1. May I ask you to derive the relative contact order of segment 1-145, considering only C-alpha pairs under 8 Å and at least 6 residues apart, and to give it as an integer percent?
2. Classify segment 158-209 from the C-alpha gyration tensor, please: rounded if a/c falls under 1.5, else prolate or oblate depending on whether a/b exceeds b/c.
3. Using the Cα centre of the chain as origin and beta-carbon charges of +1 (Lys, Arg) and -1 (Asp, Glu), tell me which of PHE71, LEU103, GLY20 is placed farthest towards the positive end of the dipole.
4. What's the center-to-center distance, using Cα atoms, between segment 36-94 and segment 218-273 in Å?
5. Would you work out the relative contact order for the chain, in percent, from Cα pairs under 8 angstrom that are 6 or more residues apart?
6. Can you give me the accessible area per residue for segment 1-116, using a 1.4 Å probe, in Å²?
7. Once the dipole of the chain is set up with Lys and Arg at +1 and Asp and Glu at -1 on Cβ about the Cα centre, which of ILE233, ALA202, GLY130 lies farthest towards its positive end?
8. Per the 1.4 Å probe, what fraction of the accessible area of segment 192-310, in percent, lies on carbon and sulfur atoms?
Amino acid sequence: MSRIVKIGMFMDRYPAELSGGQQQRVAIARTLAPEPDVLFMDEPLSNLDAKLRLEMRYELQRLHVETGSTFVYVTHDQMEAMTLATKICLINNGVLQQYDAPLDVYNRPKNLFAADFVGNPSINFIEAKGTQKKDGSGSMELTILGGKRARFLPREPFCLKDWQENRDREAAEAERCHQERMKDKKAVEKGNKDERFRYHIARVNEEDYSLEEEPEITDEDFVIGVRPERIKITPTGNLEAVVYGAMPTGMESTLKLRVGDFLLTGVIFGGVTYRIGQKVRLDIDGDEILLYDRKSGMFAAAGRVEIGEE
């Protein structure tokens, strides 16, 4: 174990004589040495440098397979959760939000909180307003980004009216169960009240919107979730944008793209250099665009978004 965590050269020292990162590796080795059936780890790699942290992830992943032990691993590092876990348990305010395989949490977040929490760079949220067409196609006519026309085409058959009726039934049933539970004299009301998650819409001048009153939310209000890798820059794109910020890393570039008063984050693969102020055209690509009900914050459908020509 000392060789695995790279402390073999320090075996003649007491832990107190080691650095914080080395002491953390000692603790990991002590935990693994008895080959326990269940290991509980609370941010075990937090004090290690970036290179060693990456190596230790590989080692822990391999040890998990070799030992067959159950690892319960607490971390605030999304990269650790995504790369090490077979299942992710995502909790907010003491309430379970989603329990799924890592890629399921990333590709199909069950609500706006899960979508916002998982992913770096963060997901783009775009507010939308509209209705579903009654032609049987399931497509929805929407208005997004300050008045631009768009169409949402679900991947699978989707009836918005049925979905909303089911949402209301589940909410009423949950409230009924809560009231029944509170009738028990031993029941205790949750101290930290649950609040509706406030998602973030990135704007150029956010202070101009900070004092706006919360609008009345109806069944025609939605939030579209677009992962940064779904933003595609192409000469034939239907949406005009201006490069507001650019961070190239060699393999890819993370861009902030200004569309009117809104900012979208895109990850563009390849060694292309973008200049701040450069005009580009973009599309939202693929059929993994996420549609959320704004009233409940719950996932409704996945599909494709077609933006009308300007």
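The values are calculated or read from the model by the stated rules, or taken from the named source; none is laboratory data. No experiment lies behind these values; they were computed from the predicted model shown. Note that each Cβ is placed from the backbone with ideal geometry, even for glycine, and that neighbours are counted across all protein chains shown. Heavy atoms of the whole protein, side chains included, go into the accessibility calculation; ligands, DNA and RNA do not. Shrake-Rupley method; radii C 1.70, N 1.55, O 1.52, S 1.80 Å.
1. 13 percent
2. Verdict is oblate for segment 158-209.
3. Projecting each Cα onto the dipole axis, the largest value belongs to GLY20.
4. Taking the Cα centre of each part, segment 36-94 and segment 218-273 sit 32 Å apart.
5. This gives 16 percent for the chain.
6. 60 Å²
7. Positive-end residue among those listed: ILE233.
8. About 49 percent, which is the carbon plus sulfur part of the accessible surface.
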